């Protein structure tokens, strides 16, 4: 077969994006039997297999072929109402025109990036941050402002300094700031109420939009922080959320909530024609589920597993590492001074435990070599204890 | 609430795309009780409700939580193999790296457009063509070459003339040609074997890629024409297909098959993280289904309904209209000389029948005012007869 050079047909901006941000894999292949402290998956125990089976049966009983066409299932509309209702309970009041259901939060982030970002746009990000979002933004621009995260979320004072300096020098200001303010991925930290207010003031003063990724917001161990979108008086916040962490990622239910002009544009550029079967199944599942009760079960279970993980760190690694204590979500961020954690992973996999090396969460990967992200969502309590013990062995074998 | 002008934050190319191709609706709201000869939906009789219910039960029985995570279900891989096998039966042999599962054919078309088209790119299209594809391309470029469709598919001689003329004048040549060669939407026509060869020769001579949309290719009443991709010796054809017309659109299973470099790029820019539950459900459905038998049932049913539609046209409208006789697919394309079919639709809805006015399938909508697309897929035989009778009444009332 004579083959043409297919890449010669790619458009210039795509060639450029692929060159600076080439397709790659951050997920390490985890050998069977390894304890998965790397995984951002929900606990298998709490993935609602039986209720979903019941939901599908009920759906077909009541709607026959309707959920299998492009449109027609009344539950496509119903799912939107159910999500509006859940958002309202957290102080986010959006109309039908201000909400778009997407294939997970990632599709929402990608669509927002497509509408707002071109190669002249500066995006402000917190560092470290969600690797998938980083990848998405890097497909559109090479210009970032990076603001460090500490135990209170990202440092809004540092953001203000950077913005003031850029303004005084006549430099371009960011159009968009991306943040996971609550139970952040990967650090588990939560932006304080003061910083939330400060951020909104800065957005008004320096005229940028805020993309709030709230994938973990409902998974609080104690009190749920108020989402940025609920504090937003200027419609500057684009709120992105998901049922992936509280129901199941495989259903791919996420959303974007924000100004109707933006939502209209997102919907217009979203050319997958929706996901009727998945939407209608999820709507039926939500109908037959006591969601508050479900959330309480999840919060209790994850809090318990988080406690186990942290006591295990204290027991097996306390002099060697430091960490932030999360108040919700899935993750604990650990610093291991003097250790290259990519190298550590090789040793840890031999011991039988997996984690995500910190470098993947940094724009400049060199800044993340001493960190790891541990997840307490997927593994059970016994595995967590065992996993941290194995991690301790691996760290000690490296430090010797 | 003080609102910012959210549109001022949109990137320049998006502002420009929204200006020239504003969000709109081509789907007319069809009043309840109206006969739907407008609908590109499969026959409700043949949408596999019970087998899918069985498939979901079997899936959860065998895999528990696996299909509800991001990855992990062995059936995600299996679906790809099943589609590779079906493609191979039609002469299209692609490796795992040359195939990407997408959310319907539309997402595949959108991703291909995103990789290949920018505002400097010229796209060659057949006219009339699939409205959703037109919308997608118009989000990326304003430059089109439009080649008319006759009863043998689009006119490749005309394409050659246009290309030769552009070349002689030193004008930019198209990078991509989009075609639905088999049972075209909206005309129902099929590109002849001679024209298929001619097209491939032109692609080599004038160095462009071909996007083959094969959504209807398996729904032949007699013989299945050989797909362009099966004739492709240079890897110039990007083949896009779907289970929407042969299983159910609500599952959103489509694909792109082509050169691995392109498929890698499509996968990298597809940021929805896949659809595990839908993929695993579909794989299980395919396991428990005799697909050849299913196809035979569908082909027979649609052929019968097409025959009924055409006899009804002969009976109720023969002196007033003309049409192409399709050899497969879902659609009959009808010309009604002297009638503005958008105006006719208003009258037809009063009579109780819906169709799609032809203008939506044209880049220049004025060229399509005398045409309508009738579908024989969704309505049953009795409704088809009744619908055409009502259409006859509406046409006559307009022509009086």
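The values are calculated or read from the model by the stated rules, or taken from the named source; none is laboratory data. Computed from a predicted structure; not experimentally measured. All Cβ positions, glycine included, derive from the backbone under ideal geometry; neighbour counts span all protein chains shown.
Tabulated data for the structure shown
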item: Residue that is modelled with the lowest pLDDT [pool: residues in the range B:219-248 that are farther than 20 Å from residue B:116 by Cβ and facing another protein chain (nearest Cβ under 10 Å)]; result: B:233
item: Test: residue in the range A:93-101 that is within 19 Å of residue A:292 (Cβ to Cβ) and more than 11 Å from chain B (Cβ to nearest Cβ); result: no
item: Matching residues, the range A:35-62, being surrounded by fewer than 21 Cβ atoms within 10 Å (Cβ to Cβ) and within 27 Å of residue A:135 (Cα to Cα); result: A:36, A:43
item: Test set (1) free of Cβ contacts under 8 Å to residues at least 24 places away in the same chain; (2) assigned to a helix (DSSP H, G or I); (3) closer than 24 Å to residue A:206 by Cα - residue A:159 fails condition number; result: (1)
item: Condition check for residue B:128: over 28 Å from residue B:234 (Cβ atoms), buried (at least 23 other Cβ atoms within 10 Å of the Cβ) and away from chain A (no Cβ under 14 Å); result: yes
item: Matching residues in the range A:82-109 - criterion: being farther than 20 Å from residue A:234 by Cβ and surrounded by fewer than 13 Cβ atoms within 10 Å (Cβ to Cβ); result: A:85, A:89, A:96
item: Residue count, the range A:46-70 (criterion: more than 8 Å from chain B (Cβ to nearest Cβ) and modelled with pLDDT under 95); result: 0
item: The range B:117-137, residues that are part of a loop (DSSP other than H, G, I, E, B) and closer than 27 Å to residue B:193 by Cβ; result: B:128, B:129, B:130
item: Residue within the range B:155-177 that is within 14 Å of chain A (Cβ to nearest Cβ), over 18 Å from the mean Cα position of the chain (by Cα) and either surrounded by 16 or more Cβ atoms within 10 Å (Cβ to Cβ) or closer than 30 Å to residue B:322 by Cβ (or both) present; result: yes
item: Residue, nearest to residue A:54 (Cα to Cα), within the range A:254-292, restricted to residues that are touching a strand residue (DSSP E or B) at 6+ places or on another chain (Cβ under 7 Å) and more than 11 Å from chain B (Cβ to nearest Cβ); result: A:255
item: Yes/no for residue B:140 being outside any helix (DSSP H, G or I), at the interface with another protein chain (Cβ under 8 Å from one of its Cβ atoms) and in contact (Cβ under 8 Å) with a residue 12 or more places away in the chain; result: no
item: Residues that are under 23 Å from the mean Cα position of the chain (by Cα) and surrounded by fewer than 24 Cβ atoms within 10 Å (Cβ to Cβ), drawn from the range B:272-285; result: B:272, B:274, B:279
item: Unmet criterion (only one of (1) at the interface with chain A (Cβ under 9 Å from one of its Cβ atoms); (2) farther than 30 Å from residue A:378 by Cα; (3) free of Cβ contacts under 8 Å to residues at least 12 places away in the same chain) for residue B:107; result: (3)
item: Residue under evaluation residue A:92, criteria (1) outside any loop (DSSP other than H, G, I, E, B); (2) closer than 30 Å to residue A:264 by Cα, criterion not met; result: (1)
item: Tally, over the range B:110-125, of residues that are facing chain A (nearest Cβ under 7 Å) and either within 22 Å of residue B:171 (Cβ to Cβ) or out of contact with any helix residue (DSSP H, G or I) (no Cβ under 7 Å at 6 or more places or on another chain) (or both); result: 4
item: Matching residues, the range A:85-103, being closer than 17 Å to residue A:284 by Cβ and out of contact with any strand residue (DSSP E or B) (no Cβ under 6 Å at 6 or more places or on another chain); result: A:85, A:86
item: Condition check for residue B:349: within 12 Å of residue B:38 (Cα to Cα) and in a helix (DSSP H, G or I); result: yes
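Here is a yes/no grid of residues against (1) outside any loop (DSSP other than H, G, I, E, B); (2) free of Cβ contacts under 8 Å to residues at least 12 places away in the same chain; (3) buried (at least 24 other Cβ atoms within 10 Å of the Cβ):
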site	(1), (2), (3)
A:188	no, no, yes
A:195	yes, no, no
A:200	yes, no, no
A:216	no, no, yes
A:224	no, no, no
A:229	yes, no, yes
A:234	no, no, no
A:241	yes, no, yes
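Quick grid of which residues meet (1) crowded, with 21+ Cβ neighbours inside 10 Å; (2) out of contact with any helix residue (DSSP H, G or I) (no Cβ under 7 Å at 6 or more places or on another chain):
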| site | (1), (2) |
| --- | --- |
| B:307 | no, yes |
| B:314 | no, yes |
| B:341 | yes, no |
| B:346 | no, yes |
| B:365 | no, no |
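Rundown of residues vs (1) touching a helix residue (DSSP H, G or I) at 6+ places or on another chain (Cβ under 9 Å); (2) facing chain A (nearest Cβ under 9 Å); (3) at pLDDT below 95; (4) farther than 30 Å from residue B:243 by Cβ, yes/no style:
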{"site": "B:4", "(1), (2), (3), (4)": "yes, yes, yes, yes"}
{"site": "B:12", "(1), (2), (3), (4)": "no, yes, yes, yes"}
{"site": "B:21", "(1), (2), (3), (4)": "yes, yes, yes, no"}
{"site": "B:31", "(1), (2), (3), (4)": "yes, no, yes, yes"}
{"site": "B:38", "(1), (2), (3), (4)": "yes, no, no, no"}
